[in-house]
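Below you'll find the structure, written out as structure tokens, and then a few comments.
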Amino acid sequence: MMKYCWLFILFLGTGWLSARGQSQDTLVNRSRPLFPRLLELSISGASYRGDLGNYQKWSAIFQAAYRFNGFRRFNGRLGLTRGFVTGENRFYTFRDGEGNLTTPNTFFRANLLSFVYELEYNLYFSRHVRVYLSQGIGLVRFVVKDAEGQNLADLTDTRPFEEIYGNFAFQLPTGLGFHYLFRNGFGVGGWLGFWNIQTDFLDNISAWATKAEGIIFSIFVSPF
């Protein structure tokens with residue numbers, strides 16, 4: 001089972017939007033989007049919630065994305081995200097099924113590299129405005145370290161001896177987003193949703209976790 005693990009992201013950044021084949025206003029089909037392809041470059045803040053924290057620590061997340069914006073109903077988006085999340089609870093303990101006090105890690109830093117493709121369904125569409133639902137699939141590489149920079153995956157005394165995990169997991173992000181595009185190629189947008197990273201080990205704690213069925217939650221507010 002997955003533990004509770006939340007990630008809150010406030011996304012502020014800059015970027016540019018590119019288009020091909022723009023025409024004079026008198027020749028433009030106004031049922032088509034103002035820009036059929038968008039490039040997004042952004043920086044955000046990220047915070048973790050789980051067994052080792054409750055939004056106490058914030059860290060940087062960087063994102064680049066290429067968005068296909070040429071259709072009225074369905075569009076796609078390719079996104080690359082890099083950053084880290086961290087948490088600490090010096091008093092965290094766990095008793096196993098036999099009542100023994102275990103010694104899980106009380107600090108972690110997870111370095112993240114994520115590549116995702118999202119399919120977006122437009123709830124509202126115009127040349128300047130789009131409101132959409134998104135469902136994606138992707139792969140996340142995560143490396144979890146302790147306060148001394150040691151790889152927690154190699155420190156087997158921080159988990160039950162039978163727990164072994166790798167550095168990759170699937171991601172199934174689901175969300176609701178919008179963007180507004182100006183004529184000069186800039187705009188503003190936002191996204192609210194769940195990362196749905198399919199791992200128990202973002203903070204190196206699974207069987208010795210006190211919370212189950214965890215998710216990663218994100219909020220993006222992005223001028224670009």
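The values are calculated or read from the model by the stated rules, or taken from the named source; none is laboratory data. Computed from a predicted model, the values in this text were never measured in an experiment. Note that each Cβ is placed from the backbone with ideal geometry, even for glycine, and that neighbours are counted across all protein chains shown.
Observations on the model:
- Of the criteria (1) modelled with pLDDT under 90; (2) surrounded by fewer than 19 Cβ atoms within 10 Å (Cβ to Cβ); (3) assigned to a strand (DSSP E or B), which one Q63 fails: (2)
- Criterion (modelled with pLDDT of 95 or more and under 23 Å from S206 (Cβ atoms)) met by exactly one of L113, L119, L78: L113
- Filtering region 110-136 to residues that are of a type in the set (V, I, T) and either more than 22 Å from F62 (Cα to Cα) or not in a strand (DSSP E or B) (or both) leaves V129, V131.
- Reported count of residues in region 166-191, each being crowded, with 17+ Cβ neighbours inside 10 Å, at pLDDT below 90 and among the hydrophobic types (A, V, I, L, M, F, W, C), is 2.
- Here is the figure for region 197-224: residues that are within 17 Å of the chain's Cα centre (by Cα), farther than 20 Å from N54 by Cβ, modelled with pLDDT under 85 and surrounded by fewer than 21 Cβ atoms within 10 Å (Cβ to Cβ) total 1.
- Identity of the residue in region 83-109, of a type in the set (D, E) and not in a strand (DSSP E or B), that ends up nearest to the chain's Cα centre (by Cα): D96
- None of G175, G166, G138 is among the small types (G, A, S) and touching a helix residue (DSSP H, G or I) at 6+ places or on another chain (Cβ under 9 Å) except G166.
- If you check S44, S18 for being modelled with pLDDT under 80, surrounded by fewer than 14 Cβ atoms within 10 Å (Cβ to Cβ) and polar (S, T, N, Q), only one passes: S18.
- Within region 137-165, if we keep just the residues that are touching a strand residue (DSSP E or B) at 6+ places or on another chain (Cβ under 9 Å) and assigned to a helix (DSSP H, G or I), the residue that is surrounded by the most Cβ atoms within 10 Å (Cβ to Cβ) turns out to be L152.
- Here K145 fulfils each of the conditions (1) touching a Lys or Arg at 6+ places or on another chain (Cβ under 8 Å); (2) among the basic types (K, R); (3) more than 23 Å from N105 (Cα to Cα) apart from (3).
- Within region 165-188, tally of residues that are under 14 Å from V129 (Cβ atoms) and over 16 Å from the mean Cα position of the chain (by Cα): 8
- When E40, E88 are screened for being within 19 Å of L176 (Cβ to Cβ) and acidic (D, E), only E40 passes.
- Exactly one residue out of Y48, Y55 is assigned to a strand (DSSP E or B) and on the phi > 0 side of the Ramachandran plot: that is Y55.
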